[in-house]
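For reference, the structure discussed in these notes is given below.
The values are calculated or read from the model by the stated rules, or taken from the named source; none is laboratory data. Keep in mind the model is a prediction, meaning the values are calculated, not measured. Cβ: placed from backbone, ideal geometry, glycine included. Neighbour counts: every protein chain shown. Just the protein is used for accessible areas: all its heavy atoms, side chains included, with ligands, DNA and RNA removed. Shrake-Rupley method; radii C 1.70, N 1.55, O 1.52, S 1.80 Å.
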Amino acid sequence: MKKQMNLVFRFLVVPVLFLALCQNLSFAQKNLPSVMPDRIILNATPDPAVSVAVTWRTDRSVNSGTCELQEVSPTKINSKDSKSFRAKTRPVNYVYENEPEISANQHSVILTGLTAGTSYLYRVGNGDNWSEWFEFKTPGTDRGDYSFIYFGDPQLGLQSEWSRVVRKAYQFAPDCSFMLYAGDIINRAGKDIEWHEWFKAGSHIFPTVAQILTPGNHDYKNGKLAPHWNAQFTQPTNGPAGLDGTCFFIDYPNLRLISMDSAAGSELEEENGYELTVQKAWLDSVLRTNTKRWVVVTTHLPFYSTKDSRDNALLRKHFQPILEKHKVDLVLTGHDHSYGRGRASDTPGLNPSVVYVVSVSGPKLYPAGTKSWMEHRGGNLQLFQKITVGENALSYRSYTASGKLFDEFRIERRTNGEKNFFEMKPARSEIK
Ligand SMILES: [Fe+2]
């Protein structure tokens, strides 16, 4: 009898316990890919009126992917009415310290031949495994206003605490044309579990609204851009060589949007380094050839810091004269984990016209410093910004995570090109 019990234990109980343990481990590792598409995200192309990029992830067993696309219709969706786009599939291995290695396939496709101002449905997948249908709308023409959302660093507490900010922003602007990030999307470059949390936070918003991201220092590790960046995002490659997906421009109606990579080259520390010199020449050229009415530049490092102990003087020395020469309207940044907004210039006697903003959306928060460039400032606040672009006016509103208006201004441009700045909030708000 004892021998029988031993056999039962060895060949039944032990394997069952082992399988249960394995299952628990696999549940614990919540960032594993599967045959079902996940981490689906829309990214903007350089010409978003007629194209958009979609990227998603599966496990390695799914070695090809398709995106089906059709115009929005009020009747039952018939996948046979779709145009199919075959994705480029590439294997990735994400390794971070002693965390379990993540092996996945990333699928990326650019949907082309779209019509401006049109709503589309799409789904991604392969065989029997498909996502739900997502809807997006291409931007219209130069007539009519539209909005976009700008976030400072998400970085920490991505699923638990940043999620409320992206969801509140989406509530405020569900028809926004895109969401813009000024870097430090996660905290530890290459740490897949943090990307898992970020994608959870964005849920159905990321496949619905184009996400445009410039990297921060936390998106680089040992001077190298983390492998997730260009595997899970399909961003423009119209910047300088070696800065694909991080330095680029995109043309929306009445707006040229520019991402400058200030995290490259160890935060552009070398004055004569490649990343600094090549971006200077590039920035000057894309501003010289610009035909759009408004220009917004995003980059991670602030031109003017909100933190008393920080100063990015080299950034100003090399890039501010270019911004001023070409009358850039707005520079949206992050990094300092507090809020500051103001017009400033290092050139004595020049009436400053470029508006600089530092903001933060995640829960890593500091008080604002006391630097005099700030016309409006605040600390210990999770914020998002809704910016409305029109033919003759650019309206900027900053909201707290709880949806309260925190800062507001408006820039109007006359037909002769001259601009007027309108302060809509009392100067020097002192929330700390
Ligand atoms: Fe940073």
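Annotations
- From the list Asn312, Asn272, Asn290, the one residue that fits, being in the same structural domain as Val360 (by TED's automatic domain parsing) and under 20 Å from Ser345 (Cβ atoms), is Asn312.
- Residues that are open to solvent by 10 Å² or more (accessible area, probe 1.4 Å), more than 16 Å from the ligand (Cβ to nearest atom), over 27 Å from Ser73 (Cα atoms) and of a type outside the set (S, T, N, Q) within segment 150-174 comprise Glu161, Arg164, Lys168, listed in sequence order.
- The set of residues in segment 379-428 being exposed (fewer than 14 other Cβ atoms within 10 Å of the Cβ), among the hydrophobic types (A, V, I, L, M, F, W, C) and more than 30 Å from Thr291 (Cβ to Cβ) consists of Leu405, Ala427.
- Of the listed requirements (1) without any contact (Cβ under 8 Å) to a residue 24 or more places away in the chain; (2) within 16 Å of the ligand (Cβ to nearest atom), Gly349 misses just one: (2).
Table: residues versus (1) under 25 Å from Thr370 (Cβ atoms); (2) touching a strand residue (DSSP E or B) at 6+ places or on another chain (Cβ under 7 Å).
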| site | (1), (2) |
| --- | --- |
| Val297 | no, yes |
| Tyr304 | yes, yes |
| Asn312 | yes, no |
| Lys317 | yes, no |
| Gln320 | yes, no |
| Lys325 | no, no |
| Val331 | yes, yes |
| Arg341 | yes, yes |
| Ser345 | yes, no |
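- Reported count of residues in segment 134-149, each being assigned to a loop (DSSP other than H, G, I, E, B), surrounded by 18 or more Cβ atoms within 10 Å (Cβ to Cβ) and of a type outside the set (S, T, N, Q), is 1.
- The residues in segment 233-264 that are polar (S, T, N, Q), buried (at least 24 other Cβ atoms within 10 Å of the Cβ) and not in a strand (DSSP E or B) can be counted, and the count is 4.
- Enumeration of residues in segment 303-340 that are among the charged types (D, E, K, R), within 30 Å of Gly144 (Cα to Cα) and either within 16 Å of the ligand (Cβ to nearest atom) or open to solvent by 10 Å² or more (accessible area, probe 1.4 Å) (or both): Glu324, Lys325, Lys327
- Hits in segment 284-296 - residues which are open to solvent by less than 40 Å² (accessible area, probe 1.4 Å) and in contact (Cβ under 8 Å) with a residue 40 or more places away in the chain: Asp284, Leu287, Trp294, Val295, Val296
- Listed by first and then second residue, the pairs linking a residue in segment 395-415 that is at negative phi to a residue that is assigned to a strand (DSSP E or B) and surrounded by fewer than 12 Cβ atoms within 10 Å (Cβ to Cβ), with Cβ atoms under 6 Å apart and 6 or more places separating them unless they lie on different chains, are Arg410/Phe422; Glu412/Asn420.
- Condition broken by His228, with the remaining ones in (1) open to solvent by less than 10 Å² (accessible area, probe 1.4 Å); (2) touching a Leu at 6+ places or on another chain (Cβ under 9 Å) satisfied: (2)
- Close pairs from segment 127-138: first farther than 17 Å from Arg39 by Cβ and modelled with pLDDT of 95 or more, partner part of a strand (DSSP E or B) and aromatic (Phe, Trp, Tyr), Cβ under 9 Å, at least 6 apart: Trp133/Tyr122; Glu135/Tyr120; Glu135/Tyr122; Lys137/Tyr120; Thr138/Tyr120
- Odd one out for Pro215, checked against (1) of a type outside the set (Lys, Arg); (2) within 16 Å of the ligand (Cβ to nearest atom); (3) out of contact with any Gly (no Cβ under 6 Å at 6 or more places or on another chain): (3)
- The set of residues in segment 265-275 being open to solvent by less than 40 Å² (accessible area, probe 1.4 Å) and more than 16 Å from the ligand (Cβ to nearest atom) consists of Gly273 alone.
- Meets criteria (under 18 Å from Pro33 (Cα atoms) and either within 16 Å of the ligand (Cβ to nearest atom) or open to solvent by 10 Å² or more (accessible area, probe 1.4 Å) (or both)) for Ser203: yes
- Answer residue from segment 28-85, given it is more than 15 Å from Val124 (Cα to Cα) and β-branched (Val, Ile, Thr) and is least open to solvent (accessible area, probe 1.4 Å) among those: Thr45
- Filtered by the rule that a residue be open to solvent by 40 Å² or more (accessible area, probe 1.4 Å) and out of contact with any Lys or Arg (no Cβ under 6 Å at 6 or more places or on another chain), segment 94-116 gives Val95, Glu97, Asn98, Glu99, Pro100, Glu101, Ile110, Thr112, Gly113, Thr115, Ala116.
- Test: Asn230 is more than 16 Å from the ligand (Cβ to nearest atom) and without any contact (Cβ under 8 Å) to a residue 60 or more places away in the chain: yes
- Total residues in segment 276-302, condition of a type outside the set (A, V, I, L, M), within 16 Å of the ligand (Cβ to nearest atom) and in contact with an Asp or Glu (Cβ under 9 Å, 6 or more places away or on another chain): 3
- Flag for Asn222 being free of Cβ contacts under 8 Å to residues at least 12 places away in the same chain and either over 21 Å from Asp244 (Cα atoms) or open to solvent by 10 Å² or more (accessible area, probe 1.4 Å) (or both): yes
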